[in-house]
Amino acid sequence: MKELEEWEKQQADFQNLLFHELITSLYIIGGYSSRIAGKHTLTPEIYQHYGGAIKECSASLSFLSEKMLLLARLESGENPLSMEDVCIKDTTEQIISFLSHQAQEQELSIHFRSVGDIQL
């Protein structure tokens, strides 16, 4: 029973996070597109900024939609996950490499230090 309650709490937390991400992106897209469509005189730099924000939010919503669809398929058993051995160190390095590009854009750095091998 406790596991079911924990699962329900995790689902509620996920749904709240999902709603927040959706509504934030929609507000940004709506706000910037209204400014562009309005009768305001905007500089090319402002147009570029607004367009970039709209494009970024649109990409985020597309990514989120794809992940939600995949999650729904996994939960329904439509796309079962296969079990396979993986190297945690290689996987971690791939994730850090992927995220480091985003971190650099934010002027952040990510460092990974391996303390030792994990024996299975």
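Each reported figure results from applying straightforward, stated rules to the coordinates on display, with no laboratory input. Since this is a predicted model, take the numbers as computed values, not measurements. Reconstructed Cβ throughout: ideal geometry from the backbone, glycine too, with neighbour counts over all protein chains shown.
Just to check your reading of the model, which residue among Ser114, Ser62 is part of a loop (DSSP other than H, G, I, E, B), among the hydroxyl-bearing types (Ser, Thr, Tyr) and surrounded by fewer than 11 Cβ atoms within 10 Å (Cβ to Cβ)?
Ser114
Within segment 1-15, how many residues are over 15 Å from Glu75 (Cβ atoms) and surrounded by 10 or more Cβ atoms within 10 Å (Cβ to Cβ)?
4
If a residue must be of a type outside the set (Gly, Ala, Ser) and assigned to a helix (DSSP H, G or I), how many such residues does segment 82-111 contain?
Residues meeting the conditions: 15.
State whether the residues of segment 25-48 include one that is aromatic (Phe, Trp, Tyr), part of a helix (DSSP H, G or I) and more than 26 Å from Phe14 (Cβ to Cβ).
Scanning segment 25-48, I find at least one residue that is aromatic (Phe, Trp, Tyr), part of a helix (DSSP H, G or I) and more than 26 Å from Phe14 (Cβ to Cβ), so the answer is yes.
Of everything in segment 53-105, what is more than 17 Å from the chain's Cα centre (by Cα) and among the small types (Gly, Ala, Ser)? Give them in sequence order.
Within segment 53-105, Ser76, Gly77, Ser82 meet the criteria.
Is it the case, given these coordinates, that Glu56 is assigned to a helix (DSSP H, G or I), of a type in the set (Asp, Glu) and within 22 Å of Gln102 (Cα to Cα)?
Taking the combined requirement at face value, the residue satisfies it.
Are any of the residues in segment 24-38 at negative phi and loosely packed, with under 10 Cβ neighbours inside 10 Å?
Taking every residue of segment 24-38 in turn, at least one turns out to be at negative phi and loosely packed, with under 10 Cβ neighbours inside 10 Å.
Output the number of the condition that Asn79 fails; it satisfies all remaining conditions of (1) in a helix (DSSP H, G or I); (2) surrounded by 11 or more Cβ atoms within 10 Å (Cβ to Cβ); (3) without any contact (Cβ under 8 Å) to a residue 40 or more places away in the chain.
(1)
Residues of segment 65-76 being over 22 Å from Thr24 (Cα atoms) and either loosely packed, with under 10 Cβ neighbours inside 10 Å or in contact (Cβ under 8 Å) with a residue 12 or more places away in the chain (or both), which ones?
Result: Glu75, Ser76.
Being among the hydroxyl-bearing types (Ser, Thr, Tyr) and touching a His at 6+ places or on another chain (Cβ under 9 Å) narrows it down to one residue among Tyr32, Tyr47; which is it?
Exactly one of Tyr32, Tyr47 is among the hydroxyl-bearing types (Ser, Thr, Tyr) and touching a His at 6+ places or on another chain (Cβ under 9 Å), namely Tyr32.
Return yes or no: is Thr91 surrounded by 10 or more Cβ atoms within 10 Å (Cβ to Cβ) and closer than 30 Å to Ser114 by Cα?
So Thr91 passes the test.
Residue pairs, Cβ under 9 Å, 6 or more apart or interchain, first in segment 28-39 and closer than 17 Å to Glu56 by Cβ, second of a type in the set (S, T, N, Q). List them.
Ile29/Ser58
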